[in-house]
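All remarks here apply to the structure that follows.
Where a number appears in this text, it was derived from the coordinates with a stated rule and is not lab data. No experiment lies behind these values; they were computed from the predicted model shown. Heads up, the Cβs are rebuilt from the backbone with ideal geometry, glycines too, and the neighbour counts pull from every protein chain shown.
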Amino acid sequence: MAKDKKASKNQEENEVLEAENQTATEDQVEDNSAKEEQVEEQEELSAEEKLEIELAEAKDKYLRLYSEFENFRRRNAKERIDLIKTASSDLMVELLPTIDDFERAKKANENQEDIESVKEGFGLISTKLFKTLESKGLKVMETEKGTPFDADLHEAVTQFPVEDEELKGKIIDTVEKGYYLGERVIRFAKVVIGA
């Protein structure tokens, strides 16, 4: 019996140890699963944090790009306005000598009695002016008598009856000359056409 008691006591001790071991193992499993959950949460948080960082970087990049574009747009608009304001400056510089000639002619003609020299002076100035303008692309539109009327180039001011059948529907007189700048019409010729 003493053996039975001793065996029973050993068995009880073994059972207690096993129970303690099982409890410890369960605690370790719970601790391990808790640690795994924390690691997963940290991974999830770090993934969320990564996405938040990427989003913040994308927003910053977008704002910088948008602001650079706005600055470019403003600078481009300002440059365009400046270009428009100064586009004719080279023409004006080339016209200054002609203006000087007109001023000299005006001063010289105040006491001039010879009308022929006055006409010759203004003829020279007029030629100089047209040569300067032609060098910048200005061309006079040809609208001589008998030229066919073209609504894309001419503006009919009035019609006059004509006896010559060949002049009907054609230009018989020019009231105001037309001009091209390059290949573009900048002023239509005002003409009288035969009816």
Worksheet item: In nm, to one decimal, how far is the residue 102 label point from the residue 117 one, both placed 7 Å along Cα→Cβ?
Response: 2.3
Item to complete: Place a +1 charge on the Cβ of each Lys and Arg in segment 138-195 and a -1 charge on the Cβ of each Asp and Glu, then give the dipole magnitude about the Cα centre in debye, rounded to the nearest 20.
Response: 320
Fill in: Cleavage-rule hits (GluC sites (Glu not before Pro)) in segment 65-164: DSSP loop, at most 11 neighbouring Cβ within 10 angstrom
110, 113, 144, 163
Item to complete: If a/c stays under 1.5 just call it rounded; otherwise compare a/b with b/c (prolate if a/b is bigger, oblate if not). Do that for segment 88-136, with a ≥ b ≥ c from the square roots of the Cα gyration tensor eigenvalues.
Response: oblate
Worksheet item: Between rounded, prolate and oblate, where does segment 54-158 land on the alpha carbon gyration tensor, with a ≥ b ≥ c its root eigenvalues, rounded for a/c under 1.5, else prolate if a/b exceeds b/c?
Response: oblate
Worksheet item: Tally Lys and Arg at +1 and Asp and Glu at -1 over the other residues with C-beta under 14 Å from the C-beta of residue 194: what net charge comes out?
Response: -3
Worksheet item: Along the Cα-to-C-beta direction of residue 181, a point sits 7 Å from the Cα; which residues of segment 86-110 have their amide N less than 18 Å from that point?
Response: 86-96
